[in-house]
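Scroll down for the structure; my scribbles are underneath it.
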Amino acid sequence: MARSVHKRRLPGIALATLALFAGVRCAAAEPYGRHQFDESERDHWAFLPVERPELPPVSRGDWPQTPIDHFILAGLEAADLSPSPAADKPTLLRRAYLDLIGLPPTIEEQDRFLADDSPDAFAKLVDALLARSEYGERWGRHWLDVVRYAESNGYERDNPKPHAWRYRDYVIAAFNNDKPFDRFVLEQIAGDELEGANAETQIATTFLRLGPWDDEPADPMVDRYDQLDDVLGTTASTFLGQTIRCARCHDHKYEPFKQQDYSRLLAVFEPLKRPQEGRTDLDRMVGTEAELSTYRDTTARIDQQVAALNQQCDQLKTQVRQRMFEANATSLSADAIAAIQTAEDKRNEAQKKLVQDSKAKLAEEIMQNASEQEREQLQVWGAEAQAAVAAKPAEPPRAYVWYEDSSTGPMAHVFHRGDPQSPQEEVGPGLPAVLVDAPPPAPTPTSHSTGRRKQFAEWLVSPSNPLTARVLVNRVWQQHFGEGIVATENDFGLMGDAPSHSKLLDWLASELVAGGWKIKPLHRLIMLSAAYQQSAAGNPGLSPDSTAAAKNPADSDPDARLVWRWRPRRLEAEAIRDSILAVTGELNLEHGGPSVFPKISDAVLASQSIPGNGWKASDEQAANRRSIYVFVKRTLLVPELEVLDFPNTNASCEQRMVSTVAPQALTYMNGEFMQQRARRLAERLANEASSDDNARIELAFRLTMCRAPRDAELQAARDFLSAQQAQIESDGSDASASQQQAWESFCLVLLATNEFVYLQ
C-alpha cells in the first residue's frame, strides 16, 4: 500500500527544487527539517509501509473460517494453545445484535434465527444487521468518542454549540451508507475545500470545532492557539495514532517529533476562522456556492420588494393618520397623539409606552378613516408583501463550522516554550519529518481557502502514509474484541504498545484499502471468523500434544491477547440504557434531528455553575429515543450515562473506561429512571404473557437474556417472587399491590444482572 518512509531518498539537488506549502523555501542539500532521525526511529513498525503478508501455515486446517483465523491460530499454536469452542446460537445472536446495532433481539428475531439451521444463518444475520439504520447509530457513537463530540463549549457558562447535532447525523449516515473511509477523512478535515463542496461535506468539518471553547479567556491569543492545538492533537490521535501535542512547547521527549514538526502541522490549520460576534459563538449557512449565492440574491431581492411595499403602506397610513389627527377624528388622548408625532429617537420612556399601548387602536382607526380606495390599496400592497414573503426560499441548513475566506494564509511560528507571545522561527505548513522524505508541493488554493487542509487530508489517506489504515482497522477490531491489536489505540508511537498480531494488522489494513476503504466488509470478515465466534467461557486451552499445565491460557495469557477466547465485556452506558428501554417496550427508534433532553432531577440541575442553564425538557416519548440522540452537555451529563463511564468529552476517548463503584448500584437499583423502567417491564409481562408465573418469568428471561431460564433459575425466580410478596404484605399492602411490587422488584433485579449488562 505504501512506500517505505526511509527508502528512495531524494538527492539534495531535488530537495532544493521542491517547494514547501505556499511561501516556504527549502535550503539546498539540507534534510527536511532541522534534525535527522536514526534508523531505529524511522524503522519503528508503525512508520514502515503496509505490506500484505501471506497467510501463515497452521496445523488445524479445519478451524479457520476466514483469513483472519490463520493469523490467530498461528499465534495460538506458537504459544502451544488452542482456541475455545464456538459459542452457542443464543449467545452469538445476542453478541451480534449488541455488537452491531447496540440493541437486544426481539422475541420474534430470536425465534427466526434459532429456527434457521442453514450453514449461512449467521452470515445472513450479520448482513441483515449491517443493513439496518441502527447500525450507524451504534458505530457512529464509537466514532463520536474518538472525536470528542459534545454539543456545548464547556467552561463556566458551557453554552451550546449551535447545530452541532448535524455532525452527529452526518456520522450516522456515513456509517449506514458505508461511505469509504478515505472520503470520510477528506470531508471532515477539508470538506469545504473539496471540489463540489456542499452542505454535507461542510457539515463534516464540524469535527474541527467540537472541542471545548472558553468564551471569556484571560488571553484571547493564547486561547486561539489552544483551540488550534485541540484541532491538531485530535486530528493526529484520531487518524495517525500519534501524540503530537507533546511537541507544542518543546521537542517530544519520547517520540520522534520536534517542535518544528508541530508548528508545521499547526500551519495547516492556521487559516481557520471561528464565526463569532465578540465572544458569542455562531453557526454558518452551508451549501454549494451556487446554492448559497442563489439564496442570498433571492432573499435580498424579496427583502427589497417587501421593504418597498411596507414603505408605501407606511406613507399612506401616515397620510391618513395626519388627516385624522387634524380633523380630531380619533379617540386617542392628546398625550398619545403627541407621542406618536414625536420622532422615534426623541421619545422618552413614557412616550414609548404610550405609543406601544396605542398601536392596536391607532391601526383600527386608520382603517376606519381611510377612504375605500385607500383601504383597497393597502390591502393590495399587504397581499403583495405576504406573497413575496411566502415565496422566500427555505434557508439552507446551518452548521457549526470553522471557515476560511482567503486563498492566502498566514505562516506559523515555532513558539518559545509554546507561548504565542514569543514567536521565533517562521515555518510553513508541512508534515512530520520522520514520516516523509521531502516537503510536500505547494497546495492548490481555491477562491476562498488556501487548500492546505485538503492537501494534508489527501496525504493522510495516500499510499505514502502507513498509519491511517492501520489505525482504523485497529479501532474496528477493538470494538469487536474489546481491545485493539494495538492496545494503545490512540498511540502507535514509540511509547505505544506493540501489536499482538502485527501481520494480521497489516493484512487487515491492506484488505481495507484494496476494498475501497469500506468498513462493512471488514465487519463481515471479522464476525464470520472462528475467532469472533468463540465462546467467552474458554476451555483448558492446551494444544492436543501439550502436557504442560503452565500452558493454561488463563495463566499464560489472562487478557486473551492471543484471542484464545472471546473476551466478555460490559456494555457501554448508551447500550445499557437503550437495551433497558427496548425490553420495556418504550424505546423510540426515530432517527436524526435535534438532540433530546431526558429528565434530570432538580438537585442535579441545581449543581451546575449556572443552575438550570441549558437543559430543556423533552416529553417522555422524545426522551426515550436512543442515547446517541441525547444532548451532550460537557458540564452536565445524564446521570444514568455518566455513572457508567460516559467518556470525558474534552479529549479524544479511544477506549471507554470500565469502573465498578457504589454509585452505579445506587443509580441502577434506586434511581427514578430504573424504578420506572422496572414498572413498565412488569406491566409488559402482565400484558403479553398469561397470568401463569412461569410464562411471565420465561418472557422476562427471553427479553433480557435472550434465552429461556434454566430450571434452577425458574425455581429461584418463583421463590423470590413469593418471598418478596410476603415481605410487602407484611408491611400492610394488599395482595394485588404486593404482587405488582414483587414483579417490579423481580424486573429490577433482571435489569441489573451481569448477564444483562455484559456482552458474552
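The values are calculated or read from the model by the stated rules, or taken from the named source; none is laboratory data. The model shown is predicted, which means the values in this text are computed figures rather than measured ones. Neighbour counts are summed over all protein chains in view; Cβ atoms, including those assigned to glycine, are modelled from backbone coordinates with ideal geometry.
Which of the residues belonging to the range 724-741 are of a type in the set (Asp, Glu) and surrounded by fewer than 12 Cβ atoms within 10 Å (Cβ to Cβ)? Reasoning before the result, please.
Here is the first cut: in the range 724-741, the ones of a type in the set (Asp, Glu) are 729, 731, 734.
Passing the criteria: Asp731, Asp734.
Among the candidates Ala307, Ala247, which residue alone is closer than 22 Å to Val147 by Cβ, small (Gly, Ala, Ser) and either surrounded by fewer than 18 Cβ atoms within 10 Å (Cβ to Cβ) or out of contact with any strand residue (DSSP E or B) (no Cβ under 6 Å at 6 or more places or on another chain) (or both)?
Ala247
Taking each residue of the range 342-358 that is modelled with pLDDT under 90 and looking for partners that are small (Gly, Ala, Ser) and in a loop (DSSP other than H, G, I, E, B) with beta-carbon atoms closer than 9 Å, six or more apart or interchain, yields Leu354/Ser333; Ser358/Ser333.
When Leu721 is tested against the conditions (1) surrounded by 17 or more Cβ atoms within 10 Å (Cβ to Cβ); (2) closer than 26 Å to Leu103 by Cβ, the lone failure is (2). Within the range 116-125, can one find any residue that is closer than 14 Å to Met705 by Cβ, more than 26 Å from the chain's Cα centre (by Cα), surrounded by fewer than 19 Cβ atoms within 10 Å (Cβ to Cβ) and of a type outside the set (Ser, Thr, Tyr)? Scanning the range 116-125, I find no residue that is closer than 14 Å to Met705 by Cβ, more than 26 Å from the chain's Cα centre (by Cα), surrounded by fewer than 19 Cβ atoms within 10 Å (Cβ to Cβ) and of a type outside the set (Ser, Thr, Tyr), so the answer is no. Mind checking whether some residue in the range 630-639 is touching a residue at least 60 places away in the same chain (Cβ under 8 Å), over 22 Å from Arg148 (Cβ atoms) and of a type in the set (Phe, Trp, Tyr)? No: the range 630-639 contains no residue that is touching a residue at least 60 places away in the same chain (Cβ under 8 Å), over 22 Å from Arg148 (Cβ atoms) and of a type in the set (Phe, Trp, Tyr). Contact map, the range 560-586: first residue of a type in the set (Ser, Thr, Tyr), second residue part of a loop (DSSP other than H, G, I, E, B) and surrounded by fewer than 22 Cβ atoms within 10 Å (Cβ to Cβ), Cβ cut-off under 8 Å, separation 6 or more or different chains; pairs are Ser579/Leu571. For His413, the criteria (1) over 21 Å from Leu55 (Cβ atoms); (2) assigned to a helix (DSSP H, G or I) hold in every case but one, which is (2).
Within the range 163-182, can you find the residues that are of a type outside the set (Ser, Thr, Tyr) and either modelled with pLDDT under 95 or outside any loop (DSSP other than H, G, I, E, B) (or both)? If the condition is that a residue be of a type outside the set (Ser, Thr, Tyr) and either modelled with pLDDT under 95 or outside any loop (DSSP other than H, G, I, E, B) (or both), then Trp165, Arg166, Arg168, Asp169, Val171, Ile172, Ala173, Ala174, Phe175, Asn176, Phe181, Asp182 are the ones that fit. Tell me whether the range 540-561 contains one or more residues that are at pLDDT 95 or above, surrounded by fewer than 17 Cβ atoms within 10 Å (Cβ to Cβ) and farther than 28 Å from Met657 by Cβ. The answer is no; no qualifying residue exists. Which pairs do you get when a residue that is more than 20 Å from Leu750 (Cα to Cα), found in the range 720-735, comes within reach of a residue that is crowded, with 16+ Cβ neighbours inside 10 Å, reach meaning Cβ atoms under 6 angstrom, with the pair 6+ apart or on two chains? Taking only residues 6 or more apart or on different chains, the pairs are Glu729/Ser738. Under the condition of being surrounded by fewer than 17 Cβ atoms within 10 Å (Cβ to Cβ) and closer than 18 Å to Leu562 by Cβ, which residue from the range 483-501 is nearest to the chain's Cα centre (by Cα)? Selected residue: Asp497. The residues on offer are Phe175, Phe207, Phe113, and the sole one that is in the same structural domain as Thr91 (by TED's automatic domain parsing), within 30 Å of Leu587 (Cα to Cα) and either of a type in the set (Phe, Trp, Tyr) or touching a Gly at 6+ places or on another chain (Cβ under 7 Å) (or both) is Phe113.
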